[in-house]
Amino acid sequence: MTSQRTAALVAAALVVCAVLAPSAQTFERLPVVAGRSRVLTTSFDVIRIAVTNPAIADAAVVAPREILIDGKAPGTISLIIWGAEQRLQFDIDVQPAVSALQQQLRTIFPGEEIFVNASEEAIVLSGRVTANEVALRAEEIAQASAAKAKIINLLQKPNASDLKQVMLAVRFAEVEHNALTELGASYLANRPDASGIVSTQQFGNPIIDDSRPAPIVINDYLNVFFFLKNDGLLALVKALKQRGLFQSLAEPNLIAYNGQEASFLAGGEIPVPIVQGNSGQVSIQYKEFGVRLNFTPKISGELIRLKVRPEVSSIDNTNGIVLSGFRVPALKTRRAETDVELRDGQSFAIAGLMDNQTVEDHQMIPLLGNIPVIGNLFKSKSDTSAKTELLVLITPHLVRPLEPSEVPPLPGVKPAAPVKPGDGLGGALEGGGGLADAPAPQNAPGPTAAKTRKPGGGSEE
């Protein structure tokens, strides 16, 4: 009786385990290409169907025993079909339209061994091509056919190099010319019975202050002035001509892995106050300026495809603003972005980034300035011109890491002599010393005694 009861308990436990165990049943896979359809035929009349995600694939009963499946987007969903006494389930695997892509590549590049494999997030190009140009164009076509998918280019190219790092030698040259011309005149009369000043107010003019021992005050002594003390007449002429030249040069060297972006910045940061909403609290954020370069290399055989973005920015105090008592300067920025293809050691230049500014400010005294010939004495002008030109010269190189034996010594530093057994303190120990200045083992042969030459010739030990 006990054995029968035990057997019944074991059988019940097995049934429970079978019910609770996860189902490992696999269903038939139905591949469908996105944008295409296929017809599924059943052996019984279909009563009802269901799909898990109509956005990936949809199904409709078109005949009692035929179901039309439409692929919409890459992914895998389930299709369940009910009949009067049966039920079927399938896995619908919707693949990207790579078959059309592969057919297109074979049409454009006949004779090339290009194979396309796709997943939900990536398209893999494999095979062998006869030219580097074919590999680059095939990757561009694959990227255009699936803008959101990641393209993995495994095409074997001729003259392929094992080097996967690119060093970019960049030279920035910025030249700025400034020219300033100022010309104007002011007149002052100071007599016991009357005083007066004639000026365009464009430049600093003399003033009369009777409270001082010298009532006439001249602010700028670098000007040319004439003073007739007996007549109380003074003429002040502002004549200034200034020229300046500024040249900036940066030569950064950057190394980046194939397909990875690298960046460089030579400059600084300026604090910018930011007002926080209605609280009125001011926080500080820092904005970078200077010489910047971002580049992304792609190696294809002997060709190097570069996406470069050089930028040069400088502080412009003239166009700055005052915010909550803080003066925030503006930034003058020049940038460029381009894609180029070069071979190892070839160079390209980005030039023509010019900025020409001319400011003219002319003023005159009404009526007096309109008098012919003499009217020029009652006019003033200030002309400013600035010309800036930027040149960027870029040279890519394929590089590899140096082995320890290939590392050159630092300039002006002598290389350290190799450590030999017996050098240093170990050589003075009994039995000699090793690399760690340790005495030799007892069974090791001792050092050979130095030979001494006899006066009559020969030697003794």
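The values are calculated or read from the model by the stated rules, or taken from the named source; none is laboratory data. Quantities reported herein were computed from a predicted structural model and do not represent experimental measurements. Every residue, glycine among them, receives a Cβ derived from its backbone with ideal geometry; neighbour counts consider all protein chains shown. For accessibility, only protein heavy atoms count, side chains too; no ligands or nucleic acids. Shrake-Rupley method; radii C 1.70, N 1.55, O 1.52, S 1.80 Å.
A few points about this structure:
- Residues located in the stretch 292-305, provided they are more than 12 Å from the chain's Cα centre (by Cα) and either of a type in the set (Phe, Trp, Tyr) or in a strand (DSSP E or B) (or both): 298, 299, 300, 303, 304, 305
- Those residues of the stretch 280-296 which are in contact (Cβ under 8 Å) with a residue 12 or more places away in the chain, over 26 Å from residue 258 (Cα atoms) and among the hydroxyl-bearing types (Ser, Thr, Tyr), in sequence order: 286
- Subset of the stretch 309-329 [of a type in the set (Ser, Thr, Tyr) and either open to solvent by 60 Å² or more (accessible area, probe 1.4 Å) or not in a strand (DSSP E or B) (or both)]: 318, 324
- So residue 83, is it in contact with a Phe, Trp or Tyr (Cβ under 6 Å, 6 or more places away or on another chain) and open to solvent by less than 20 Å² (accessible area, probe 1.4 Å): yes
- Residues of the stretch 303-317 that are over 13 Å from residue 263 (Cα atoms) and out of contact with any Pro (no Cβ under 9 Å at 6 or more places or on another chain): 303, 312, 313, 314.
- Checked against the criterion of being of a type in the set (S, T, N, Q) and at pLDDT 90 or above, the candidates 41, 2, 26 yield just one match: 41.
- One residue from 109, 115 being surrounded by 18 or more Cβ atoms within 10 Å (Cβ to Cβ) and aromatic (Phe, Trp, Tyr): 109
- Single residue of the stretch 330-358 satisfying the filter (of a type in the set (Val, Ile, Thr) and open to solvent by less than 90 Å² (accessible area, probe 1.4 Å)) that is modelled with the lowest pLDDT: 350
- Residues within the stretch 269-304 that are on the phi > 0 side of the Ramachandran plot and loosely packed, with under 15 Cβ neighbours inside 10 Å, tallied: 2
- Pairs, first over 12 Å from residue 140 (Cβ atoms) in the stretch 101-117, second open to solvent by 100 Å² or more (accessible area, probe 1.4 Å), C-beta under 6 Å, six or more apart: 113/128
- Looking across the stretch 61-80, just one residue is open to solvent by less than 70 Å² (accessible area, probe 1.4 Å) and either part of a helix (DSSP H, G or I) or among the charged types (D, E, K, R) (or both), and that is 70.
- Extreme residue, modelled with the lowest pLDDT, among residues of the stretch 146-175 that are open to solvent by 40 Å² or more (accessible area, probe 1.4 Å) and within 19 Å of residue 354 (Cα to Cα): 175
- Taking the listed residues 80, 92, the one that is among the hydrophobic types (A, V, I, L, M, F, W, C) and touching a Gly at 6+ places or on another chain (Cβ under 9 Å) is 92, with no other qualifying.
- Some residue of the stretch 249-258 being touching a Gly at 6+ places or on another chain (Cβ under 7 Å), at pLDDT below 75 and open to solvent by 60 Å² or more (accessible area, probe 1.4 Å): no
- For the stretch 85-124, a residue qualifies if it is closer than 27 Å to residue 340 by Cβ, in contact with a helix residue (DSSP H, G or I) (Cβ under 6 Å, 6 or more places away or on another chain) and part of a strand (DSSP E or B), and the qualifying residues are 114, 123.
- Residue match in the stretch 366-380 (condition: β-branched (Val, Ile, Thr), modelled with pLDDT of 75 or more, surrounded by fewer than 13 Cβ atoms within 10 Å (Cβ to Cβ) and assigned to a loop (DSSP other than H, G, I, E, B)): yes
- Residue match in the stretch 389-398 (condition: within 30 Å of residue 362 (Cβ to Cβ) and modelled with pLDDT of 75 or more): yes
- Each residue in the stretch 381-411 was checked for being farther than 18 Å from residue 359 by Cα, out of contact with any Leu (no Cβ under 8 Å at 6 or more places or on another chain) and open to solvent by 70 Å² or more (accessible area, probe 1.4 Å), and 11 of them qualify.
- For the stretch 118-139, the set of residues classified as of a type in the set (Val, Ile, Thr) and either touching a Ser or Thr at 6+ places or on another chain (Cβ under 7 Å) or open to solvent by 80 Å² or more (accessible area, probe 1.4 Å) (or both) consists of 130 only.
- Pair list, Cβ under 8 Å, 6 or more apart: the stretch 319-330 residue within 15 Å of residue 286 (Cα to Cα), other residue charged (D, E, K, R) and open to solvent by less than 70 Å² (accessible area, probe 1.4 Å): 329/316; 330/316
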